[in-house]
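The values are calculated or read from the model by the stated rules, or taken from the named source; none is laboratory data. Source: prediction; values computed, not measured. Here the Cβ is made from the backbone with ideal geometry for all residues, glycine too, and neighbour counts use every protein chain on show.
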Amino acid sequence: MKIFVDADSCPVLIRPIIEKAAARRRLETVFVADRPVPLSKNGWVSFQKVICGAGSADNWIFNAADAGDLIITRDIPFAARLLEKNAVVINDRGFEFTSDNIKSKLSERDIMKSFYESGLAVQGLKSYGKKEAFDFANRFDAVLTRMEKVARDQT
């Protein structure tokens, strides 16, 4: 099991949470972005720079990830692609995308996008602070614990 982070939009507040979990659980973790992302010196964490361009980090992660890997992204269409690969996907707020909820999340995204394009809504996320990072940390830990248990049960 590996962790991949779509780091182009990863909040700074959760980077150390991910890095510490990688070291504590000894999980290879790769942050992927089209620009340098400052990370701590940690033997379990690496950075992969990709060419600039829409979807380049997503495509790199998609090609590198396997079933059972954990990907952190806020990109809902990308999450849908990863679920087809049987990866586990959570966003930076700790929401887990599943086959049961992905269609409704895609619909919500499409509706909000059409509102934005029509000038009826302002695009953007709510602020990201300590509460959101705390929520992410709790969900991230729960997902990792569940995934490790599944991996142990399969061996």
Output the residues belonging to the stretch 22-44 that are touching a residue at least 60 places away in the same chain (Cβ under 8 Å) and buried (at least 17 other Cβ atoms within 10 Å of the Cβ). 27
Regarding residue 47, is this residue in a helix (DSSP H, G or I) and either surrounded by 13 or more Cβ atoms within 10 Å (Cβ to Cβ) or in contact with a strand residue (DSSP E or B) (Cβ under 8 Å, 6 or more places away or on another chain) (or both)? no
Have a look at 138, 63, 101, 91 and point out the one that is touching an Asp or Glu at 6+ places or on another chain (Cβ under 9 Å) and not β-branched (Val, Ile, Thr). 91
In the stretch 64-102, which residues are more than 16 Å from residue 151 (Cα to Cα), acidic (Asp, Glu) and not in a strand (DSSP E or B)? 75, 84, 92, 100
Scope the stretch 24-44; condition among the hydroxyl-bearing types (Ser, Thr, Tyr) and either modelled with pLDDT of 95 or more or outside any loop (DSSP other than H, G, I, E, B) (or both); matching residues: 29
Can you confirm whether residue 61 is among the aliphatic types (A, V, I, L, M) and either in contact with a strand residue (DSSP E or B) (Cβ under 7 Å, 6 or more places away or on another chain) or not in a loop (DSSP other than H, G, I, E, B) (or both)? yes
